Amino acid sequence: MGTQCFEHAFEPNRRLDGAVAAEYFGILAEGVRTQGGRIFVAEAEDGSLLGWGVVHRDEDDVYVVGKERAFAFIAELFVVEEARGKGVGRAFIAAAEDWARAQGLKVMQIGVLPGNTRAKAIYERAGYVPYAIQLRKYLTTS
């Protein structure tokens, strides 16, 4: 729910009902299980949760050259507010990249909403650059 609440501030289409977290975790866990991946969790010394990250293998479309078609995808990365700016997100990215290298993958991808400027800046500082831009338009009824 942390991700949903955070993103809802700049993307109001995010669900805030109680079932969404369990549903989404089920999808993430299934991706890790079927596509190969890892779920990373960070805890403070007192055992409190600082954040989590999910990475799994994915495959790009057939029009991508073969050597770059398989890639690692960071499907989820969330850091609780009180831990932001302390390197937890950077540690998740590094752990995901280490996992991908160990799998023999040469390409990483991560998505970010345009309104999430802080995360976008963190990803860019980590060396990520825009790859594809998906546009949206809400249609009105006539």
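The values are calculated or read from the model by the stated rules, or taken from the named source; none is laboratory data. No experiment lies behind these values; they were computed from the predicted model shown. No Cβ is skipped: glycine too gets one built from the backbone with ideal geometry, and neighbour counts run over all protein chains shown.
For this structure, a couple of remarks:
- Out of Ile39, Ile93, Ile122, Ile110, sole residue that is modelled with pLDDT of 95 or more and under 21 Å from Ala9 (Cβ atoms): Ile110
- With respect to the conditions (1) among the acidic types (Asp, Glu); (2) surrounded by fewer than 16 Cβ atoms within 10 Å (Cβ to Cβ); (3) assigned to a helix (DSSP H, G or I); (4) touching a residue at least 12 places away in the same chain (Cβ under 8 Å), Asp98 falls short on a single one, namely (4).
- Breaking point among (1) surrounded by 16 or more Cβ atoms within 10 Å (Cβ to Cβ); (2) outside any strand (DSSP E or B), for Gly18: (1)
- Number of the exception - Phe25 against (1) free of Cβ contacts under 8 Å to residues at least 12 places away in the same chain; (2) over 21 Å from Glu124 (Cα atoms); (3) assigned to a loop (DSSP other than H, G, I, E, B): (3)
- Note on segment 117-139: among residues that are under 17 Å from Phe6 (Cα atoms) and β-branched (Val, Ile, Thr), the one that is nearest to the chain's Cα centre (by Cα) is Ile122.
- Contact map, segment 116-127: residues that are buried (at least 17 other Cβ atoms within 10 Å of the Cβ) paired with residues that are small (Gly, Ala, Ser) and in a helix (DSSP H, G or I), Cβ distance under 6 Å, separation 6+ or inter-chain. Pairs shown: Ile122/Gly89.
- Arg101 in contact with a Lys or Arg (Cβ under 9 Å, 6 or more places away or on another chain) and of a type in the set (Lys, Arg): no
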